[in-house]
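Nothing in this text is a laboratory measurement; each read-out follows from the coordinates by a stated rule. Just so we're clear, the structure is a prediction, and the values are computed from it rather than from any experiment. Note: ideal-geometry Cβ built from the backbone for every residue, glycine included; neighbour counts use all protein chains shown.
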Amino acid sequence: MTAALTITNYGLDYATAAGAVAVLRDISLEIAPGEVLGLVGESGSGKSSLAWALMRHLPANAREVSGALRLGDVDLQALGPKQLSTLRGRRIGMVFQDPSTALNPTLTIGRQITEALMRHRELNARAARDLAVELLGHVDLRNPAAILRRYPHEISGGEKQRVIIATAFGCRPDVILFDEPTTALDVITGARIIELFARLRAETGVAALYISHDLGMMTRVADRVAVIRHGRVVEQAKAFEIFRRPQHDYTRSLIAAVPRPERRLVHDRPGEAVLLEARGIDVHYGRAGLFHAAPPPATKAVDIDIRAGEIVGLVGESGSGKSSVARALTGLARFDGAIRFDGRTLHGAGDMSPAYRRDVQIVFQHPDSSLNPRHRIGEILSRPLKLYGGDVASVPRLLEQVRLPASYATRWPHQLSGGEKQRVAIARAFAARPRLVICDEITAPLDVSVQAQIIALLLRLRAETGAAYLFITHDLNLIRQIAHRIVVMRQGQLVDSRAVDAFGAEDVHPYTSELMAASPVPVS
């Protein structure tokens, strides 16, 4: 039987001003009809470059230096633009990491799906619309006809990803490439997308290349797994074997970095003194207008206590209100209720003194948007020192404290990797010598190995400074490794709060049980 997709000794370079940069070398992979091959590796390993090469969407500076790419009996590298336009979608499809960028914001969902179906299934407009409604219902979207009339900004991230998956499967290709399709989604939505993929795959028999850095899900998704490092495949095996008997040191290091709840990293007990006490926190976005009422609060009567030196995990799916709580505690969002800190009661941002703002710091999820691209790293770190009475000459020490060279002070943010940028953001928070640091999904965009390094850094800084953490995440496996106590939110409300050791109890909230069931741990 002819393989659905064959990659033979493939090599790819990017031409730069400094010379050719090797991106892929000697890649040889084969996917049988109906098979799912998982491709795992860290950022920069070449995973996405391989996907773009297969889709024939390489940038202008790409240079294919060796090998062959075949879709069934078709030589992909020999196709011209018109042939490729016909092939894409009809025989090979792709589901992207960020569904927001994969959909045209100026067109309705219906127009985008029906245009694809009319082109690749050769349907008329009425038949394409009827099939679009059927497909959206098949991916468990409620009221498909209404979804077709909406624009991308009017539906959630999980709904957008279901639309893209429905379109990809609806065109009936031989192969679909999945490039980190759940990375931008919370754990429950991601788990539902994985279940959807498994069901559609069983129904259609499609072959797939599933790209991810999340090893935890690969045993749920893939038949076989290939591990890629620095542009080379270092190991291939059946999915269950690669976790039980990894052969390459790099594979072993990736598996060792996967969070496991039973592998506790924090063993001390926090102090008894309450550092921060929040009561009845309602966060509001928007106001009532002349012709409309105020929108409902993003959080509803949330109560949270954090003791000195304690690590409190705040978990829940996207839209549950986690980040709104963080914004209230730092004065970035308007709220009702009260915050008591260091003997003072605060009812809003106006009550937050410079001392409070120094003591309560926040590290955001995306350092790309929280680090000023027009300032060098040294300038970014010197600002909190100037604001809170520190010594600007200590910038090199701050960098070394987060395991970055002092020479990075002269670099710009765009010259750093994602993990390095997050280290800078952490250094900026600790420059103020805080007593509480709020970490808002700071490991979500990072590879599992980089995530492990950031967690180790945070635990070391806590040991050195005594700072407490409010650690916001949707990764329940990770937070069960490091937290003393976990608070669970759903739809703006606090539904569960318990010591981490009590998370296996029978009386956990049903939503907590759902979160635990949606958090995959590799079989080993």
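Miscellaneous remarks
- Of every Cα-Cα pair in the chain, the percent that sits beyond 28 Å: 60 percent
- Per-residue extension of 0.36 nm, minus the Cα-Cα distance of Val74 and Val392, leaves a gain of 108.3 nm for this segment.
- Scattering curve values for segment 410-524, log₁₀ I(q)/I(0), Debye with Cα scatterers, q = 0.12, 0.13, 0.17 Å⁻¹: -0.51, -0.59, -0.95
- In terms of the mean number of neighbouring beta-carbon atoms within 10 Å, the peptides 347-357, 399-409 order highest first as 399-409, 347-357.
- Percent of Cα-Cα distances greater than 17 Å, calculated over segment 300-357: 41 percent
- Taking all pairs of distinct alpha-carbon atoms in segment 1-151, Kirkwood radius in angstrom: 17.8 Å
- Whole-angstrom gap from segment 197-222 to segment 310-326, using each part's C-alpha centre: 29 Å
- Estimated vicinal HN-Hα couplings, Hz - segment 142-154 in sequence order (Karplus 6.51, -1.76, 1.60; Gly, Pro = x): 6, 6, x, 4, 6, 4, 4, 7, 8, 9, x, 5, 9
- Alpha carbon Rg of segment 5-257, scaled by the compact-globule rule 2.2 N^0.38 Å: 1.02
- Nitroxide proxy distance, nm - points 7 Å out along Cα→Cβ at Ala127 and Glu506: 5.8 nm
- Under the criterion of Cα pairs below 8 Å and six or more residues apart, the relative contact order for segment 110-205 equals 27 percent.
- Within segment 209-287, the GluC sites (Glu not before Pro) that combine a DSSP coil assignment with at most 12 other C-beta atoms in a 10 angstrom radius are Glu262, Glu272.
- Value of [θ]222 nm, deg cm²/dmol, for the chain, DSSP H segments ≥ 4, -39500 (n - 2.57) each, nearest 500: -10000 deg cm²/dmol
- Note on segment 221-337: dipole from Cβ charges, positive end direction compared against Ile304, Val315, Ala326; the farthest Cα belongs to Val315.
- Candidate cross-link partners of Lys300 among the aspartates and glutamates, defined by an alpha-carbon separation under 20 Å and a same-chain spacing of 8 or more, comprise Glu277, Asp282, Glu317, Asp336, Asp440, Asp496.
- On full extension, the segment bounded by Ala517 and Arg263 gains 89.6 nm, given 0.36 nm per residue less the C-alpha separation.
- Counting only Cβ charges, +1 for Lys and Arg and -1 for Asp and Glu, the dipole size of segment 5-257 around its Cα centre is about 440 debye.
- Cross-link table Lys47/Lys238; Lys82/Lys160; Lys160/Lys238, entries beyond 23 Å C-alpha to C-alpha: Lys82/Lys160; Lys160/Lys238
- Sparse-neighbour loop sites [trypsin sites (Lys or Arg not before Pro); segment 250-333; at most 16 other C-beta within 10 Å; DSSP]: Arg263, Arg264, Arg287, Lys300
- Low-density loop positions, GluC sites (Glu not before Pro), segment 118-218 - DSSP coil, at most 11 other Cβ in 10 Å: Glu122
- Segment 333-379 and segment 467-520: distance between their alpha carbon centers, rounded to Å: 24 Å
- Largest first and in whole Å, the equivalent-ellipsoid semi-axes of segment 69-177 read 25, 15, 12, each the square root of five times a Cα gyration tensor eigenvalue.
- Divide the volume of the convex hull around the Cα atoms of segment 257-391 by the residue count and you get 195 Å³ per residue.
- Sorting the Cα pairs of segment 120-259 by distance into bins of 10 Å, from 0 upward, gives 10, 36, 30, 15, 7, 1 percent per bin.
- Cross-link reach is defined here as a Cα-Cα straight distance under 12 Å, omitting same-chain residues fewer than 8 places apart; for Lys421 the aspartates and glutamates meeting it are Asp368.
- In this calculation the C-beta distance from Ala301 to Arg142 is compared with R0 = 25 Å, giving a FRET efficiency of 0.30.
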